[in-house]
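Peer 1: Structure below; questions to follow.
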Amino acid sequence: MAVVADAIEAELDRLLPVASGPQARLHEAMRYAVLGGGKRLRPMLVWTSAELFGVAPAAAIRAGAAVELLHAYSLIHDDLPSMDDAALRRGRPSCHLAFDEATAILAGDALQPLAYEALARPDYGVDAAQRCELVLGLTRAAGAAGMCGGQMIDLQAQRQTLSLDEITVLQGLKTGALIAFACDAGAILGRAGEVERAALAGYAHDLGLAFQIKDDFLDRFGDSAVTGKHGGRDQDVGKATFVGLLGEHGARVKLDELRSQASARLDIFGARSMVMRQLLDFVIDRQS
Ligand code: IPE
Ligand code: IPE
Ligand code: MG
Ligand code: MG
Ligand code: MG
């Protein structure tokens, strides 16, 4: 993960605008939100799925960086006072506190198209049809049928009691869609066959759900010094989560169920899927 993280860091640095000109403050806020923090899980998923299909490392790194730019935008907006009103992100003041609210909104607004640009640019050494498919996949994962749709339901979940099925839908959109795209990106780049692509999608679905359940678990039980975020927020605002509904033990049981289910989806890849299985353990056992 460290090797991939270094390559991603360098690619993000290249893609982000250097702070200059009258809009330098916007560039600084974009760089602040993206560089120097975060687990880089989504780029790691792109990398690992790409590796399954023998994709060139540089192609995987660019796609991973694009997903991370989109993710960073989603975090800036998620932390805004009108959304989660979160002061701490990746162990540092959230973007709107390090800068100001209007600058943070603009930084998010600018990171989103930068993500698409990174995939569409002709200097990305993959053919035009694949670039188009990647852009299409990322737009769908990010928009009303994906992350933004999930964030809408998530905000409403503060005032409603949701069933487990409804929370599953919410989390599948707000977090799962981008994680699913990260896994699919490797399959797109590697021109994977339908059966393998579907198996990977099944894995990504279970991993994405496990990822958000663990995020909610850490919000409740995690150590803020390790997570780099203030905890207890979900409970404070009365947000419906798996952890709230199932309790600590129930959430752990659900995570272990998802671990077995996701792992079984990888069986068709045999020994090639070892790193994907390790990522599953990483997501479920992490403390940050
Ligand atoms: C946090 O994502 C936001 C969610 C989707 C729950 P991560 O836990 O991947 O955050 P970073 O990128 O490591 O900071
Ligand atoms: C955010 O979920 C998911 C996004 C789309 C950014 P959370 O609100 O639970 O993420 P954290 O806990 O603030 O990182
Ligand atoms: Mg949120
Ligand atoms: Mg939040
Ligand atoms: Mg959370």
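Values quoted throughout were computed directly from the atomic coordinates according to the rules given, and no laboratory measurement underlies them. Source: prediction; values computed, not measured. A quick note on method: Cβ atoms are made from the backbone with ideal geometry, for glycine too, and the neighbour counts reach across all protein chains shown.
Peer 1: Given a Förster radius of 41 Å and the C-beta distance between THR161 and ALA5 as r, what FRET efficiency does 1/(1 + (r/R0)^6) yield to the nearest 0.05?
Peer 2: 0.55
Peer 1: Further question on the same structure: Please tell me the relative contact order of the chain in percent, rounded to the nearest whole number, where contacts are Cα pairs under 8 Å and at least six residues apart.
Peer 2: Result for the chain is 19 percent.
Peer 1: Of VAL67, VAL18, VAL243, which has the largest mean-square fluctuation in a 10 Å C-alpha GNM of the chain?
Peer 2: Of VAL67, VAL18, VAL243, the Gaussian network model singles out VAL18 as fluctuating most.
Peer 1: What FRET efficiency comes out for the pair ARG233/VAL169, r = Cβ-Cβ distance, R0 = 30 Å, nearest 0.05?
Peer 2: Calculated value: 0.90.
Peer 1: Something else about it: Taking a quarter of the surface of the Cα convex hull of segment 2-285, what do you get in nm²?
Peer 2: 14.0 nm²
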